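Undergrad: Please find one structure pasted underneath; my questions will follow.
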Amino acid sequence: MSVLSRPSAHTEALVLRAWPCGETSVIASLLSREQGYVKVLAKAARRPRSRLRALVEPGRLVDVEFSLDPRRELQYLRGGSVLLDPLQEQATLERSAFLQSALELVDRCRPLHGGDSDQGTVELFAVCEDFLRVLSSPSCSQPVILFFAFEWELLARHGMAPEVGHCTCCGLPAADLVEGARWFSASEGGLVCEPCNRGGVSGARPLSGEALAWLQGAAAGGLRVDTEVPYERPLRRELGALLHRFLGYHLPGYRLPAALDLLRTDDGSKERRR
């Protein structure tokens, strides 16, 4: 019998996904602060009294210990504790849908860097942690706005955030563009002025002054947006459509998160956020 200790990692992590394995176990996909993306096997975690059960619930921020064997695709989850459950106090349908959507985006759209443990993943974990803490705050009355800011930050982590300070074609400052002369183009990378749009820009959409102001605020403050302001539905729909098209054009692996289909309008029809 070897007397050498088995290598392990002890780190904070966000649970992205979890699915059954065998009769009682669970496989979970984690984004960890120090080890990047990791898949762990939580043996017997589906048993009611398992100490691992609480550590594999998607959306939770956890402090975990797991094996660290480079020869294995799956590491063994050994234990840990729950640091934050963003739905513990306010588990509304809206919060749940935006939380699940954020998890799906993080799981599918990983930073384009050399490895899971590089600076890009470290920054992404910090963004996810901020998102969870703001979402769990009682003052967050507009989860949809927080989700838009999260999408912006996801683009920024890939070095693809839209340019909203000036026209991407001619460089005309945004402050010089009047209402009706502002456009937003995913193919051009952001803001486009009226003359440049008439010159043949592909797929540009009108950009309101309110949407431009929000985008510029996101560029300056990231997730530090005011989620208490009662943004009207037309603005929410405009922002959602612009970000969706931009993400789809620039981010490999992106697709509209399935959890957003859970959100419905009062009359029972699906709310087309995008």
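The values are calculated or read from the model by the stated rules, or taken from the named source; none is laboratory data. All values reported here derive from a predicted model rather than from experimental measurement. Note that we place each Cβ from the backbone using ideal geometry, even for glycine, and neighbour counts take in every protein chain shown.
Undergrad: For the structure I just gave you, tell me whether PHE131 is buried (at least 17 other Cβ atoms within 10 Å of the Cβ) and farther than 21 Å from ALA9 by Cβ.
TA: Taking the combined requirement at face value, the residue satisfies it.
Undergrad: Going by what's in this entry, would GLU210 be described as outside any loop (DSSP other than H, G, I, E, B) and of a type outside the set (A, V, I, L, M, F, W, C)?
TA: yes
Undergrad: Follow-up question, since we're still on this one. Sort out which residues of segment 36-63 are closer than 26 Å to ASP130 by Cα, out of contact with any helix residue (DSSP H, G or I) (no Cβ under 6 Å at 6 or more places or on another chain) and not in a loop (DSSP other than H, G, I, E, B), and write them in order of number.
TA: If the condition is that a residue be closer than 26 Å to ASP130 by Cα, out of contact with any helix residue (DSSP H, G or I) (no Cβ under 6 Å at 6 or more places or on another chain) and not in a loop (DSSP other than H, G, I, E, B), then TYR37, VAL38, LYS39, VAL40, ARG53, ALA54, LEU55, VAL56, ASP63 are the ones that fit.
Undergrad: If you go through segment 64-82 one residue at a time, how many are touching a helix residue (DSSP H, G or I) at 6+ places or on another chain (Cβ under 9 Å) and closer than 19 Å to ARG17 by Cβ?
TA: Summing the residues that are touching a helix residue (DSSP H, G or I) at 6+ places or on another chain (Cβ under 9 Å) and closer than 19 Å to ARG17 by Cβ in segment 64-82 gives 4.
Undergrad: Out of all the residues in segment 140-186, which are under 22 Å from the mean Cα position of the chain (by Cα) and part of a loop (DSSP other than H, G, I, E, B)?
TA: Of everything in segment 140-186, those that are under 22 Å from the mean Cα position of the chain (by Cα) and part of a loop (DSSP other than H, G, I, E, B) turn out to be CYS140, SER141, GLN142, HIS158, GLY159, MET160, ALA161, PRO162, VAL164, ALA186.
Undergrad: Also: Can you pull out every residue in segment 176-224 that is out of contact with any strand residue (DSSP E or B) (no Cβ under 7 Å at 6 or more places or on another chain) and of a type in the set (A, V, I, L, M)?
TA: VAL178, ALA186, ALA211, ALA213, LEU215, ALA218, ALA219, ALA220, LEU223
Undergrad: Can you pull out the residues in segment 63-79 that are among the acidic types (Asp, Glu) and over 19 Å from LEU31 (Cβ atoms)?
TA: Answer for segment 63-79, where residues must be among the acidic types (Asp, Glu) and over 19 Å from LEU31 (Cβ atoms): just ASP69.
Undergrad: Kindly indicate which of ARG233, ARG198, ARG224 is under 17 Å from VAL144 (Cβ atoms) and at pLDDT 85 or above.
TA: ARG233
Undergrad: If you don't mind, there's one more thing I want to ask. Criterion first (crowded, with 18+ Cβ neighbours inside 10 Å, charged (D, E, K, R) and farther than 24 Å from ALA258 by Cβ) does GLU12 satisfy it?
TA: yes
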